[in-house]
Each structure stands twice: as C-alpha cells, then as structure tokens.
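Below is one structure, written out as structure tokens, with a few remarks after it.
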Amino acid sequence: MKTEIFLITIFSCIFQNGCNADPVSDSVSFPRETVSTPAPVEKSKIEEIKICAETITTLSGGDFVFPRISPDGKKIAYSKVLVEDTEYGKQENTEVLLYDFQSRKTSVLLNSKQAKKYAVYASFVADFEWIGANRLRAYISDGDVDSIILTFDTQTRRVIKKEYSGAKDYDYERIYPREMEATFFLLVKNFPDIPKDVFRSAFGIQNAFKIANKGVVLQFWHTDFDSNIWYFDLETKKKHLLFETERIKNSDYGLKGAFEVHGKIFFIHKNLNGTEFFTFQDNKVSEIARTELSGEFVPLFSSNEKSIFLLKQPNFQSESKSSLWLFDGSKLKRITDVEELSDVAIDPYGKFIAFSFWANQNERSISVRNIK
C-alpha cells in the first residue's frame with residue numbers, strides 16, 4: 001500500500017542494522033562475477049525533446065498536486081493544498097478533487113472541513129491510487145506518524161471504506177511494498193550465502209528494483225556488507241557487480257531506480273554532484289549520461305519501446321524542480337514540454353499526460369495534454 005511506503009520514511013532506520021554506524025574493517029564484499037568499470041562519460045548536452053500535442057485542459061486557480069489519471073483515462077484525481085489560519089497558527093489542509101474529461105466538470109470528493117477532522121498537525125494527501133475505473137484510494141497524512149486511507153466510489157462521490165494506518169500497525173517482519181514480498185523470498189531462496197537480514201536492508205529503504213521476472217537490481221544498507229550496486233539474476237542464479245561505491249551513510253544518495261528496455265537494464269545512481277545513468281547488457285556496464293538534476297525515481301510509463309520516469313523533488317520545495325526523462329533503449333532524453341515541474345502522471349496507454357507545475361511561487365496548476 002502507498003501508506004506503507006509512506007511510513008518507510010519513519011521506520012526505515014529500524015531495518016538498516018546500524019545504517020548510521022561507521023564502516024567496519026571486516027565488512028563482506030561479494031566475489032565479482034561481473035566486473036566492468038564503466039568508462040567516463042564525456043560531458044555533453046543531454047538531448048531535450050517534446051512529446052506533447054494539443055492541450056486537453058488546464059486546471060488552475062489553486063495549488064494543485066498529485067494528478068492521477070484513472071485506468072480508463074476518463075477522469076483525473078488531484079489534491080488542492082490549503083494553508084489555513086487556526087488558533088495554533090498556520091495549518092496545512094487539503095481537498096480531494098475529481099475532473100471528468102467528458103463532462104468537463106470538477107467535483108469534490110473530500111472538502112476541507114471533512115479533511116480537517118483527520119489532522120493532528122496537518123492534513124495532506126500523501127498520494128492517490130486508482131484500484132478500478134471508479135475506485136480511488138486517497139492516502140491522507142495527519143501531519144504526525146499516522147494516516148487514513150479513504151476509498152471513494154467516484155460515481156457516487158462517497159467514501160465506501162476507511163482504514164487507519166500508523167506506527168503501531170507496522171509489521172516489522174513484512175516486506176514493503178507488499179508486491180515485493182515474493183521477490184524478497186526468491187532472493188533468499190536462490191542466494192543462500194547471503195543472510196536474510198542483509199537482503200531485508202535493501203528492501204527496507206526501497207533500494208531494490210525488480211526487473212520483470214528475471215532479477216533484481218539492489219544496493220544493501222548493512223554495516224557488514226558492501227554498499228555496491230548488484231544485479232541478482234534469478235534465471236541464472238548469479239550475481240553481477242554493476243557499480244562500486246563507498247559505504248552509504250545517507251539514504252538520499254545511492255541507487256535510485258532501475259528498469260529494463262529492449263533487454264537492457266537501466267539504473268540510476270545519485271551522488272553529491274547530481275545523478276548518473278547507466279546501462280547493463282551482455283555483462284557490460286556503460287555510463288550513458290550525467291546531470292546535476294536529481295530527485296526520487298518515479299516510474300510513469302513503460303513499453304517494449306521506451307520507459308518514461310520522473311526525478312521528483314518534494315512537493316514543499318518550490319525552489320527545486322522535478323525533471324522528466326525518456327529512455328528508448330539506446331539514448332536518454334529529457335522531456336521539456338513543461339518546465340517548473342512538480343509532479344507528472346501518464347495514463348496506462350501512454351496517450352496523454354498530466355503535468356503539475358509551478359505557475360508562480362505559491363501555486364501549482366495542472367496541464368493535461370495529448371501525447372504525440
């Protein structure tokens with residue numbers, strides 16, 4: 001669940017087995033079954049492209065975040081950020097809104113008065129998840145350590161289910177997100193030389209990325225093992241060294257994402273100076289680009305031909321902009337249809353895209369456009 005992912009921020013250090021400890025002299029390094037030091041990349045301008053055709057609609061007149069397009073492509077859910085005066089000072093609040101592309105009307109699923117009931121220090125949307133054409137989950141934080149999950153019937157605009165989630169509900173023995181649990185146990189089974197808690201350290205901070213059903217790219221966060229980036233091939237039951245790095249002490253840096261296009265594994269590494277992009281194929285690692293831009297990896301759309309992803313900056317940082325990228329199996333390109341990006345969503349068929357962007361220093365608008 002998204003809320004489970006949201007709570008990782010709070011609890012991840014519990015899983016990290018001394019993640020803040022100094023490196024130990026007897027830490028383990030795995031045998032190098034694949035050693036391929038990528039050649040330095042010549043600094044050159046990354047190609048910029050535009051992928052959009054005409055604009056479908058623009059939602060403005062407020063601070064709008066988290067655009068999420070329904071599976072049938074007929075609606076878009078989004079959140080309005082509010083800052084309200086209270087007896088304790090300024091407090092963040094929210095509204096959950098729904099725009100129908102056919103009727104061109106906006107409806108309110110959760111108003112600010114209703115949302116305020118769930119606040120401790122604030123009430124804000126942490127994310128949305130469509131679980132059906134007319135079923136929407138809203139993950140709403142109370143500004144502290146707990147949250148509520150509201151499931152809406154978007155046809156009747158009513159809440160049909162409420163679930164509370166907090167620190168006391170966190171299961172320390174489970175793998176989060178839950179869809180990665182089976183992958184975790186496959187790794188434990190197929191690589192018995194690596195302790196279970198070492199694998200858990202990678203999953204605990206979201207440093208494990210499944211590559212179809214073939215394998216996993218991951219980076220450990222454990223004082224007794226190296227912090228290199230590895231590919232664990234579940235088909236051949238071999239592990240491949242992709243990238244050597246110093247021991248991680250800050251989860252802001254290190255492996256940020258991985259996926260596959262045209263049989264080529266693409267992975268992202270963040271360092272102090274920005275972000276590096278690599279590919280792995282036929283036992284060879286190649287560095288293909290570097291950028292000063294950075295952010296959390298958010299996969300948006302993937303097909304046999306291409307993958308589009310976002311390097312997302314936190315919603316509250318207007319001075320830091322997110323960046324949108326496309327990898328086609330050979331080249332990495334930056335998508336620049338809309339600058340001043342905050343967040344992005346693409347429909348499941350790759351036909352249109354929604355940009356949440358900074359219209360000014362205090363407000364974000366949402367632009368929905370067709371993809372060429």
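Looking for something in contact (Cβ under 8 Å) with a residue 40 or more places away in the chain, surrounded by fewer than 16 Cβ atoms within 10 Å (Cβ to Cβ), under 27 Å from VAL298 (Cα atoms) and polar (S, T, N, Q) - is there at least one such residue anywhere in the range 102-113? Yes, that holds for at least one residue.
When the residues of the range 308-346 are filtered to those that are of a type in the set (D, E, K, R) and part of a loop (DSSP other than H, G, I, E, B), the one that is nearest to the chain's Cα centre (by Cα) is LYS321. Considering only residues that are under 16 Å from SER320 (Cβ atoms) and not small (Gly, Ala, Ser), look in the range 339-352 and name the one that is surrounded by the fewest Cβ atoms within 10 Å (Cβ to Cβ). My answer is GLU339.
Residues of the range 128-150 that are in contact with a helix residue (DSSP H, G or I) (Cβ under 6 Å, 6 or more places away or on another chain) and surrounded by fewer than 18 Cβ atoms within 10 Å (Cβ to Cβ): GLU129, VAL145.
Yes/no matrix, rows are residues, columns are (1) hydroxyl-bearing (Ser, Thr, Tyr); (2) more than 26 Å from LYS331 (Cα to Cα); (3) surrounded by fewer than 17 Cβ atoms within 10 Å (Cβ to Cβ); (4) in contact (Cβ under 8 Å) with a residue 12 or more places away in the chain:
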residue	(1), (2), (3), (4)
VAL198	no, yes, no, yes
GLY204	no, yes, no, yes
GLN219	no, no, no, yes
LEU242	no, no, no, yes
GLY257	no, no, no, yes
GLY274	no, no, yes, yes
PHE280	no, no, no, yes
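Any chance the range 347-366 includes a residue that's in contact with a Leu (Cβ under 8 Å, 6 or more places away or on another chain) and part of a loop (DSSP other than H, G, I, E, B)? No; the residues of the range 347-366 include none that is in contact with a Leu (Cβ under 8 Å, 6 or more places away or on another chain) and part of a loop (DSSP other than H, G, I, E, B).
For the range 228-239, filtering for residues that are more than 16 Å from ASN207 (Cβ to Cβ) and either surrounded by 22 or more Cβ atoms within 10 Å (Cβ to Cβ) or hydroxyl-bearing (Ser, Thr, Tyr) (or both) leaves 1.
Suppose the filter is at pLDDT 95 or above, farther than 26 Å from TYR88 by Cβ and not in a strand (DSSP E or B); does GLN155 pass it? Taking the combined requirement at face value, the residue satisfies it. Of everything listed in (1) modelled with pLDDT of 95 or more; (2) out of contact with any helix residue (DSSP H, G or I) (no Cβ under 6 Å at 6 or more places or on another chain); (3) in a strand (DSSP E or B), the single unmet condition for THR94 is (2). Would you confirm, using the coordinates I've provided, whether THR279 is among the hydroxyl-bearing types (Ser, Thr, Tyr), under 23 Å from PHE203 (Cα atoms) and modelled with pLDDT of 95 or more? Against the criterion (among the hydroxyl-bearing types (Ser, Thr, Tyr), under 23 Å from PHE203 (Cα atoms) and modelled with pLDDT of 95 or more), THR279 qualifies.
The residues of the range 54-101 that are under 21 Å from PHE301 (Cα atoms) and acidic (Asp, Glu), listed by number, are GLU54, ASP72.
Restricting attention to the range 305-330 and to residues that are in contact (Cβ under 8 Å) with a residue 40 or more places away in the chain, of a type in the set (S, T, N, Q) and within 24 Å of SER70 (Cβ to Cβ), the residue that is surrounded by the fewest Cβ atoms within 10 Å (Cβ to Cβ) turns out to be ASN315. None of GLY62, GLY143, GLY73 is farther than 24 Å from GLN361 by Cα and assigned to a loop (DSSP other than H, G, I, E, B) except GLY73.
The values are calculated or read from the model by the stated rules, or taken from the named source; none is laboratory data. Computed from a predicted structure; not experimentally measured. Positions of Cβ are backbone-derived with ideal geometry, glycine not excepted, and every protein chain shown enters the neighbour counts.
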